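Since the structure comes first, as C-alpha coordinates, the remarks are kept for the end.
The values are calculated or read from the model by the stated rules, or taken from the named source; none is laboratory data. From a predicted model like this one, the values you see are computed outputs, not experimental measurements. So basically every Cβ, Gly included, is an ideal-geometry build from the backbone, and we count neighbours across all protein chains shown. Please note that ligands, DNA and RNA were not included when accessible areas were found on the heavy atoms of the full protein model with its side chains. Shrake-Rupley method; radii C 1.70, N 1.55, O 1.52, S 1.80 Å.
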Amino acid sequence: APPTLPGVLDAVERPAEDGAVTRVNAFDQYVPGFGVTFLLIGMMLGISLTLFDERDWGTLERVRAGGASLAGILIGKVVGRTVVGVFQMIVLFGVGWLLFDVTLGRSPSALFLPTLSMAFAGAALGLVIPSIAPEHESVMPLGTMTSLALAAIGGCWWPIDFEPAWMRSCAQWRPTTGTMQAY
(Lines give C-alpha, C1' and ligand atoms only; values in the text may rest on other atoms or scores of the structure.)
Protein backbone atom coordinates (compact mmCIF):
# COMPACT_ATOMS: atom_id res chain seq x y z
CA ALA A 1 0.00 0.00 0.00
CA PRO A 2 1.28 3.53 -0.75
CA PRO A 3 2.37 5.58 2.27
CA THR A 4 -0.25 7.96 3.67
CA LEU A 5 0.00 11.04 5.82
CA PRO A 6 -1.36 10.89 9.37
CA GLY A 7 -4.48 12.90 10.20
CA VAL A 8 -7.25 14.30 8.11
CA LEU A 9 -7.07 17.39 5.94
CA ASP A 10 -10.32 19.33 6.30
CA ALA A 11 -9.76 21.63 3.33
CA VAL A 12 -12.76 22.13 1.07
CA GLU A 13 -12.55 24.28 -2.06
CA ARG A 14 -15.30 26.90 -1.86
CA PRO A 15 -16.06 29.73 -4.26
CA ALA A 16 -15.25 33.24 -3.03
CA GLU A 17 -18.74 34.37 -4.06
CA ASP A 18 -21.99 32.47 -3.51
CA GLY A 19 -23.13 30.76 -6.68
CA ALA A 20 -19.80 31.18 -8.45
CA VAL A 21 -18.14 28.28 -10.18
CA THR A 22 -15.53 26.55 -8.07
CA ARG A 23 -12.28 26.25 -9.96
CA VAL A 24 -8.88 25.51 -8.58
CA ASN A 25 -6.10 27.81 -9.73
CA ALA A 26 -2.97 27.54 -7.61
CA PHE A 27 -1.90 31.01 -8.77
CA ASP A 28 -4.84 32.51 -6.83
CA GLN A 29 -2.81 31.56 -3.73
CA TYR A 30 0.72 31.97 -5.07
CA VAL A 31 0.53 35.40 -6.71
CA PRO A 32 -0.84 37.34 -3.73
CA GLY A 33 0.99 35.16 -1.21
CA PHE A 34 4.44 35.59 -2.65
CA GLY A 35 3.60 39.19 -3.49
CA VAL A 36 2.96 39.86 0.20
CA THR A 37 6.14 37.98 1.13
CA PHE A 38 8.30 40.11 -1.14
CA LEU A 39 6.39 43.22 -0.17
CA LEU A 40 7.34 42.61 3.47
CA ILE A 41 10.98 42.02 2.62
CA GLY A 42 11.14 45.02 0.29
CA MET A 43 9.47 47.39 2.73
CA MET A 44 11.63 46.22 5.59
CA LEU A 45 14.89 46.49 3.67
CA GLY A 46 13.88 49.73 1.98
CA ILE A 47 13.48 51.49 5.31
CA SER A 48 15.63 49.53 7.78
CA LEU A 49 18.83 49.44 5.76
CA THR A 50 18.50 53.04 4.57
CA LEU A 51 18.07 54.29 8.14
CA PHE A 52 21.40 52.72 9.10
CA ASP A 53 23.03 53.97 5.90
CA GLU A 54 21.73 57.51 6.29
CA ARG A 55 22.89 57.62 9.90
CA ASP A 56 26.35 56.33 8.96
CA TRP A 57 26.67 58.72 5.99
CA GLY A 58 25.49 61.71 8.03
CA THR A 59 22.48 62.26 5.78
CA LEU A 60 20.00 62.27 8.67
CA GLU A 61 21.97 64.94 10.51
CA ARG A 62 22.11 67.14 7.40
CA VAL A 63 18.37 66.80 6.77
CA ARG A 64 17.63 67.53 10.43
CA ALA A 65 19.93 70.58 10.26
CA GLY A 66 17.72 71.84 7.44
CA GLY A 67 14.76 71.94 9.84
CA ALA A 68 13.10 68.57 9.24
CA SER A 69 11.88 66.83 12.35
CA LEU A 70 12.75 63.20 13.02
CA ALA A 71 9.03 62.35 13.10
CA GLY A 72 8.56 64.03 9.72
CA ILE A 73 11.46 62.09 8.22
CA LEU A 74 10.13 58.77 9.51
CA ILE A 75 6.55 59.49 8.44
CA GLY A 76 7.84 60.46 4.99
CA LYS A 77 9.76 57.19 4.73
CA VAL A 78 6.73 55.12 5.76
CA VAL A 79 4.35 56.95 3.41
CA GLY A 80 6.79 56.79 0.50
CA ARG A 81 7.47 53.08 0.92
CA THR A 82 3.74 52.38 1.40
CA VAL A 83 2.99 54.03 -1.95
CA VAL A 84 5.76 52.00 -3.61
CA GLY A 85 4.35 48.82 -2.05
CA VAL A 86 0.81 49.53 -3.27
CA PHE A 87 2.04 50.12 -6.82
CA GLN A 88 4.15 46.96 -6.61
CA MET A 89 1.08 44.90 -5.67
CA ILE A 90 -1.09 46.55 -8.36
CA VAL A 91 1.47 45.57 -11.00
CA LEU A 92 1.74 42.08 -9.53
CA PHE A 93 -2.03 41.53 -9.56
CA GLY A 94 -2.24 42.89 -13.10
CA VAL A 95 0.47 40.54 -14.34
CA GLY A 96 -1.10 37.67 -12.40
CA TRP A 97 -4.47 38.37 -14.00
CA LEU A 98 -3.03 38.69 -17.51
CA LEU A 99 -0.58 35.79 -17.48
CA PHE A 100 -1.86 33.36 -14.86
CA ASP A 101 -5.63 33.91 -14.86
CA VAL A 102 -5.64 35.02 -11.22
CA THR A 103 -9.18 35.67 -10.05
CA LEU A 104 -9.68 39.28 -8.96
CA GLY A 105 -13.34 38.89 -8.04
CA ARG A 106 -16.29 41.01 -9.12
CA SER A 107 -14.74 44.17 -7.70
CA PRO A 108 -10.96 44.26 -8.15
CA SER A 109 -10.88 47.70 -6.52
CA ALA A 110 -11.80 45.95 -3.25
CA LEU A 111 -8.24 44.59 -3.22
CA PHE A 112 -6.94 48.13 -2.62
CA LEU A 113 -7.70 48.35 1.11
CA PRO A 114 -5.95 45.10 2.16
CA THR A 115 -3.07 46.01 -0.16
CA LEU A 116 -2.72 49.45 1.39
CA SER A 117 -2.93 47.97 4.88
CA MET A 118 -0.30 45.34 4.17
CA ALA A 119 2.04 47.85 2.53
CA PHE A 120 1.70 50.12 5.56
CA ALA A 121 2.30 47.21 7.97
CA GLY A 122 5.41 46.23 6.01
CA ALA A 123 6.70 49.79 6.06
CA ALA A 124 6.03 50.03 9.80
CA LEU A 125 7.98 46.80 10.26
CA GLY A 126 10.81 48.60 8.50
CA LEU A 127 10.88 51.07 11.41
CA VAL A 128 10.82 48.35 14.06
CA ILE A 129 13.73 46.27 12.78
CA PRO A 130 16.44 48.98 13.10
CA SER A 131 15.33 49.62 16.67
CA ILE A 132 16.00 45.94 17.46
CA ALA A 133 19.02 45.32 15.23
CA PRO A 134 22.28 46.32 16.89
CA GLU A 135 24.07 47.14 13.61
CA HIS A 136 23.68 47.38 9.84
CA GLU A 137 24.85 43.80 9.20
CA SER A 138 22.16 42.34 11.47
CA VAL A 139 19.25 44.02 9.66
CA MET A 140 19.25 41.60 6.75
CA PRO A 141 19.07 38.32 8.71
CA LEU A 142 16.75 39.65 11.43
CA GLY A 143 14.41 41.46 9.06
CA THR A 144 14.31 38.72 6.44
CA MET A 145 13.60 35.98 8.98
CA THR A 146 10.89 38.10 10.60
CA SER A 147 9.30 38.77 7.21
CA LEU A 148 9.47 35.12 6.18
CA ALA A 149 7.99 33.95 9.49
CA LEU A 150 5.12 36.45 9.19
CA ALA A 151 4.45 35.31 5.65
CA ALA A 152 4.58 31.58 6.38
CA ILE A 153 2.46 31.69 9.52
CA GLY A 154 0.00 34.14 7.94
CA GLY A 155 -0.93 31.85 5.06
CA CYS A 156 1.05 33.45 2.25
CA TRP A 157 2.71 30.22 1.12
CA TRP A 158 -0.12 27.73 1.59
CA PRO A 159 -3.78 27.89 2.60
CA ILE A 160 -4.02 28.57 6.31
CA ASP A 161 -6.29 25.53 6.68
CA PHE A 162 -3.22 23.37 6.01
CA GLU A 163 -1.50 24.65 9.16
CA PRO A 164 -1.67 22.89 12.53
CA ALA A 165 -4.07 24.35 15.10
CA TRP A 166 -1.31 26.00 17.16
CA MET A 167 0.00 27.81 14.07
CA ARG A 168 -3.50 28.94 13.07
CA SER A 169 -3.97 30.40 16.56
CA CYS A 170 -0.69 32.33 16.17
CA ALA A 171 -1.73 33.42 12.69
CA GLN A 172 -4.86 35.24 13.78
CA TRP A 173 -2.71 38.06 15.19
CA ARG A 174 -0.59 38.57 12.05
CA PRO A 175 -1.36 41.23 9.42
CA THR A 176 -0.52 38.73 6.69
CA THR A 177 -3.42 36.51 7.76
CA GLY A 178 -6.06 39.20 7.37
CA THR A 179 -4.59 40.30 4.07
CA MET A 180 -4.57 36.79 2.60
CA GLN A 181 -8.13 36.17 3.82
CA ALA A 182 -9.22 39.42 2.17
CA TYR A 183 -7.50 38.44 -1.08
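³J(HN,Hα) across the stretch 136-153 via Karplus (A = 6.51, B = -1.76, C = 1.60, θ = phi - 60°), whole Hz, x for Gly/Pro?
3, 5, 8, 5, 4, x, 5, x, 5, 5, 5, 4, 5, 5, 4, 5, 5, 5
Helix-only mean residue ellipticity at 222 nm, the chain, DSSP H runs n ≥ 4 weighted -39,500 (n - 2.57), per residue, nearest 500. What is it? Each step should come with its number before you reach the end.
Working: 7 runs with 123 residues, N = 183.
That calculation yields -22500 deg cm²/dmol at 222 nm.
Using a 1.4 Å probe over the heavy atoms of the protein chains, calculate the carbon and sulfur portion of the accessible area of the chain as a whole percent.
On the way: 7470 of 11060 Å².
Percent of accessible area from carbon and sulfur atoms in the chain: 68.
Among residues other than Leu70 whose Cβ falls under 15 Å from its Cβ, what is the net charge (Lys/Arg +1, Asp/Glu -1)?
+2
Extension gain Ser109-Val83, at 0.36 nm per residue separation less the Cα-Cα distance, in nm? Mind showing how you got there, number by number?
Details: separation 26, 0.36 × 26 = 9.36 nm, distance 1.59 nm.
Full extension of this stretch gives 7.8 nm more.
Per residue, how much accessible surface does the stretch 39-99 expose to a 1.4 Å probe? Answer in Å², no decimals.
Per residue, the stretch 39-99 has 55 Å² of solvent-accessible surface.
Name the most mobile residue of Thr144, Thr82, Thr59, meaning the one with the largest mean-square fluctuation, in a Gaussian network model of the chain with Cα contacts below 10 Å.
Largest GNM mean-square fluctuation: Thr59.
Run the numbers on the stretch 60-121 and let me know its relative contact order in percent, using alpha-carbon pairs under 8 Å that are six or more apart.
RCO, the stretch 60-121: 41 percent.
Springs between alpha-carbon atoms under 10 Å, Gaussian network over the chain: tell me which of Gly76, Gly66, Gly155 tops the mean-square fluctuations.
Maximum fluctuation in the GNM of the chain, among the listed residues, is at Gly66.
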